[in-house]
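Student: Got a structure for you, questions after.
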């Protein structure tokens, strides 16, 4: 494998897990915020409609992160194919199988507040 391909492969190998981890961290953060908002509504005794618009928007943001996670897994799978072609199989074996990235319309999360 050429030096430039090795260099690109190494950089992608560092950036890809970082991207996957960052999306997961954002999803955890948004999920924690959702829990905090709903718990605050419950514990303060305000009407159930209080903050509902914010909760709906946050739920949309949460789903956008789930979609982003699925898309980044698809990217990982595609790059794995490229790596096999150009890096001659010199790839990490811990890459997730492409099947882990569900189609956008499959396995949608149900958000229950």
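The values are calculated or read from the model by the stated rules, or taken from the named source; none is laboratory data. Quick caveat: nothing in here was measured; it's all calculated off a predicted structure. FYI the Cβ positions are ideal-geometry reconstructions off the backbone, even for glycines, and counts take in every protein chain you see.
Student: Just checking, does the stretch 71-84 include any residue being exposed (fewer than 10 other Cβ atoms within 10 Å of the Cβ), at pLDDT below 95, under 30 Å from residue 12 (Cβ atoms) and over 20 Å from the mean Cα position of the chain (by Cα)? Explain how you work it out, then say what you get.
Tutor: From the stretch 71-84, those exposed (fewer than 10 other Cβ atoms within 10 Å of the Cβ) are none; that's our starting set.
No - not one qualifying residue is present in the stretch 71-84.
Student: Could you please let me know if residue 19 is surrounded by 11 or more Cβ atoms within 10 Å (Cβ to Cβ) and part of a helix (DSSP H, G or I)? Step through it out loud before you land on a result.
Tutor: Details: surrounded by 11 or more Cβ atoms within 10 Å (Cβ to Cβ): yes; part of a helix (DSSP H, G or I): yes.
Taking the combined requirement at face value, the residue satisfies it.
Student: Another question about this same structure. Please verify whether the stretch 9-16 includes one or more residues that are under 16 Å from the mean Cα position of the chain (by Cα) and within 30 Å of residue 84 (Cα to Cα). Steps first, answer last, please.
Tutor: First pass over the stretch 9-16, keeping only residues under 16 Å from the mean Cα position of the chain (by Cα): 15-16.
Cutting the leftovers down to within 30 Å of residue 84 (Cα to Cα) gives us 15-16.
So far as the stretch 9-16 goes, yes, one or more of its residues are under 16 Å from the mean Cα position of the chain (by Cα) and within 30 Å of residue 84 (Cα to Cα).
Student: Just one of 29, 35, 19, 49 is closer than 30 Å to residue 87 by Cβ and free of Cβ contacts under 8 Å to residues at least 60 places away in the same chain; which is it? Steps first, answer last, please.
Tutor: On the way: 29 fails: closer than 30 Å to residue 87 by Cβ; 35 fails: closer than 30 Å to residue 87 by Cβ; 49 fails: closer than 30 Å to residue 87 by Cβ.
Being closer than 30 Å to residue 87 by Cβ and free of Cβ contacts under 8 Å to residues at least 60 places away in the same chain holds for just one of 29, 35, 19, 49, which is 19.
Student: Something else: Report, by residue number, each residue of the stretch 34-54 that is surrounded by fewer than 15 Cβ atoms within 10 Å (Cβ to Cβ) and part of a helix (DSSP H, G or I).
Tutor: Once the filter is applied, which keeps residues that are surrounded by fewer than 15 Cβ atoms within 10 Å (Cβ to Cβ) and part of a helix (DSSP H, G or I), the stretch 34-54 yields 35, 36, 39, 40, 42, 43, 44, 52, 53, 54.
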